[in-house]
Amino acid sequence: MTYVIVGASAGVGRALATRFASAGHDLLLVASEDRDLRATAADLAIRHGVRARWMAADAGADRMCAERIATAADELGGFDGVLFPIGAVAATDDCGFDPDQSARLVDVNFSAVAAITTRLLPHLLTRPRATIVGFGSVAATRGRGKNVAYSAAKRALASFFESLRHACAGSGVAVQFYVLGYMDTELAAGVRSPIPKGDPRALGDLILKNLDRDVGVVYYPWFWRALSVALRGVPWSLFKRLRF
Amino acid sequence: MNAHRVPATFVSFDGAVSASGVCQRPDRYRFIDAPDPDLAPRIARGGGYSYAAASFGAGSVVQDMRRFNRILGFDPAARIIEVEAGVTLGDVFAVASREGLGLPVQPGYPAITVGGCIAANVHGKNPVREGTFVDSVLDLTLFHPDRGVLRLSPDTMPGLFDLTCGGYGLTGVIVSATLRLEVLPGHVVSIRRFTVGSPGEALPLVRELAGKSLFAYSWHDGAPASGTFGRGFVYQGCLVPETPARPAVLPAYRVLTPAARARLPFSVWGGMATRAFTSTYWHAERRRPETTETSLFDAMFPFARRAAYFRLFGRPGLAECQILIAHDGAEAFLTELRRLILSIRPPSVMLSVKAFDGTPRLLRFDGRGVAITLDLGRSAATLDLLRRVDELTIAAGGRPHVIKDSRLPRDVVAACYAQYEAFRSGRHQFDPHRCYRSELSERLGL
């Protein structure tokens with residue numbers, strides 16, 4: 001099987017690429033940093049004997065990105081799924097509302113994923129079985145004064161994947177949406193929290209196990225589902241006083 | 001943008017030196033070579049298996065390189081492999097052994113990183129046959145904030161290559177390296193055991209076997225009891241030829257970290273416990289057949305599945321001293337070492353001997369002679385013994401291994417390494433701001 005991973009150069013994306021390659025899947029790796037992609041693709045091909053191609057593209061800025069991915073994936077002889085561990089955050093994504101920064105965060109976290117999915121979906125619908133995997137964040141559980149544009153984009157993405165799942169029901173395409181808590185990656189390295197961070201490799205195992213299954217929305221680590229429900233239940237009079 | 005800095009506590013593998021500081025775990029190239037406006041000193045860290053505090057300290061930002069662990073190229077026909085610095089010896093073993101190849105120099109634990117091997121210029125089980133790690137390095141990529149990304153080899157910028165291989169990370173961050181592999185015509189090692197009464201008795205045997213074996217080293221009872229001290233065995237390992245190369249799945253082992261090593265609140269070693277253990281081991285070995293076979297993995301990485309040995313030193317920690325002594329002075333050195341151990345009676349556990357046949361250079365642990373290694377529990381008597389061993393080493397013209405002894409004083413290193421000053425001045429010339437610092441560099445005045 002062949003999978004496209006968008007956002008594969010580091011963190012969760014690289015962990016997924018490693019896990020999928022170790023299971024024998026060929027890969028097309030897409031990310032903005034060509035040095036890391038080249039290194040990761042070489043490593044996966046050498047260690048696991050799979051075909052690992054790479055394509056450097058800034059999905060949030062390159063309007064032709066979806067088209068280029070489709071062309072590159074076709075050159076692999078088709079593909080059986082696409083995963084989107086792509087994301088961007090900004091330390092200044094607060095209520096300063098820098099319009100350029102907000103637009104960039106929405107582009108990377110939502111618009112690019114929606115555009116690429118839309119472009120690749122017709123091909124996936126021709127496969128007997130296929131999987132599309134999106135990634136949300138527990139940061140989008142409730143709007144806060146931090147990660148403003150990021151959370152908004154992730155909520156839009158959750159809605160998009162809900163619609164996509166509904167549209168693909170009855171087809172061979174499984175649409176899955178993983179809501180991630182703090183992960184043990186560079187992205188969350190500065191986060192100091194008593195809540196344990198998730199292991200990207202274990203997430204890779206879970207996604208691999210769930211391939212082609214209609215699992216819908218999955219929280220990882222699992223306890224974030226309960227924490228998210230609890231957070232949604234906090235009354236506004238109390239929530240507005242919380243600083244996190 | 002640079003990698004996040006997070007608070008962290010570090011401890012040397014021997015448990016003797018610890019420090020709190022900040023750590024970066026870069027996972028992409030721009031985190032390594034992007035301009036960093038902060039001029040804080042820094043130091044790279046691999047697996048953290050140095051007995052000495054070479055990868056933290058001195059208020060330095062620690063750059064943990066374990067996420068730079070990709071294999072960049074592998075050419076079995078040319079017998080070369082290109083790896084990032086955080087790739088472990090176990091990773092290289094898993095890939096190279098599938099093609100009947102392996103690194104010539106393999107320290108005994110698979111989670112040690114290639115970057116660490118280069119920075120400490122480590123040796124393996126048979127330096128006579130294989131040299132030290134620098135002999136396997138064809139080229140390397142180094143980053144220094146004032147100098148940028150540099151590609152070094154014995155032919156390109158050889159002076160800086162020399163300073164970096166065995167330079168304890170003080171010339172910059174080793175990002176990647178191309179390494180020479182050798183043919184390993186089999187994956188089974190035959191180990192022959194010779195019983196000896198003392199380390200002195202082991203010397204000629206180790207010298208003789210080293211040149212014609214995969215490895216040859218000795219183990220000796222180190223418990224300070226006059227009747228049994230020094231008895232032991234010489235082990236000769238030879239590859240069993242024509243065992244077919246097979247896909248190597250790295251055998252499972254639990255990675256031992258410096259913090260996990262020190263989890264036990266006390267040390268088991270010392271007094272009766274050591275004597276009971278060494279005696280049991282000695283008798284058990286004698287009951288085994290003289291020749292046994294083991295897998296290449298277990299032969300190359302004997303501590304992968306015997307990590308309990310280190311755990312039993314507990315929180316008080318361990319001490320290891322490794323001295324390279326010229327052949328003609330080795331026997332006298334061993335005699336005096338025995339006298340010191342039996343008079344001071346430290347919690348010593350074991351002693352080992354292996355032969356060397358290299359050329360001393362800068363601060364590298366290399367030369368012609370024998371390396372004598374002593375493992376001890378950490379105590380006041382141990383530190384007293386090690387001070388006496390320092391004097392003995394200087395008098396014998398020996399060379400202590402800088403990476404193995406976390407308390408080694410500057411004056412001892414300066415007295416034992418003829419090129420101490422050359423290393424120091426070369427390093428200062430390349431990096432006048434001393435961007436890279438560690439507890440080791442400050443202690444040794446580098």
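Structure values in brief
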read-out: Column: log10 I(q)/I(0), Debye, Cα scatterers of the stretch B:310-446, q = 0.11, 0.14 Å⁻¹; value: -0.42, -0.67
read-out: Residue with peak Gaussian network fluctuation, chain B [Cα springs, cutoff 10 Å], from B:Arg193, B:Arg288, B:Arg25; value: B:Arg288
read-out: Most mobile listed residue (A:Val229, A:Val113, A:Val30) in chain A, GNM with C-alpha springs under 10 Å; value: A:Val229
read-out: Alpha-carbon centroid distance for the pair the stretch B:291-315 / the stretch B:423-446, whole angstrom; value: 35
read-out: Net charge contributed by nearby residues that have their C-beta within less than 13 Å of B:Ala19 (K/R +1, D/E -1); value: +1
read-out: Environment charge of B:Val122, counting only residues whose C-beta is closer than 12 Å and scoring Lys/Arg +1, Asp/Glu -1; value: 0
read-out: Mean residue ellipticity (222 nm) of chain A, computed from DSSP H runs ≥ 4 via -39,500 (n - 2.57), nearest 500; value: -13500 deg cm²/dmol
read-out: For the stretch B:47-59, Karplus couplings with θ = phi - 60° (6.51, -1.76, 1.60), whole Hz, Gly/Pro x; value: x, x, 9, 5, 5, 8, 7, 8, 10, 6, x, 6, x
read-out: Mean-position separation - Cα centroids, the stretch A:33-49 and the stretch B:322-368, in angstrom; value: 44
read-out: Lysines whose Cα lies under 23 Å from that of A:Lys154, excluding same-chain neighbours fewer than 8 positions away; value: A:Lys146, A:Lys197, A:Lys240
read-out: Average projected area [Cα convex hull, chain B], square nanometres; value: 19.5
read-out: Within-14-Å neighbourhood charge of A:Arg232 [Cβ basis; K, R +1; D, E -1]; value: +4
read-out: Partners for B:Lys212 among lysines (Cα-Cα distance below 24 Å; same-chain residues under 8 apart left out); value: B:Lys125, B:Lys354
read-out: Loop-resident sites, the stretch B:74-135, for chymotrypsin sites (Phe, Trp or Tyr not before Pro), counting at most 13 other Cβ within 10 Å (DSSP); value: none
read-out: Over the protein assembly as shown: Rg over Rh, Cα atoms, Kirkwood Rh; value: 1.02
read-out: Residue among B:Tyr253, B:Tyr217, B:Tyr417 with the largest mean-square fluctuation in a Gaussian network model of chain B, springs linking Cα atoms under 10 Å; value: B:Tyr253
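A short reminder: the numbers here are calculations on the coordinates, not readings from a lab. Just so it is clear, the structure is predicted and the values come from calculations on it, not from any experiment. Glycine also receives a Cβ, built like all others from the backbone with ideal geometry; neighbour counts cover every protein chain displayed.
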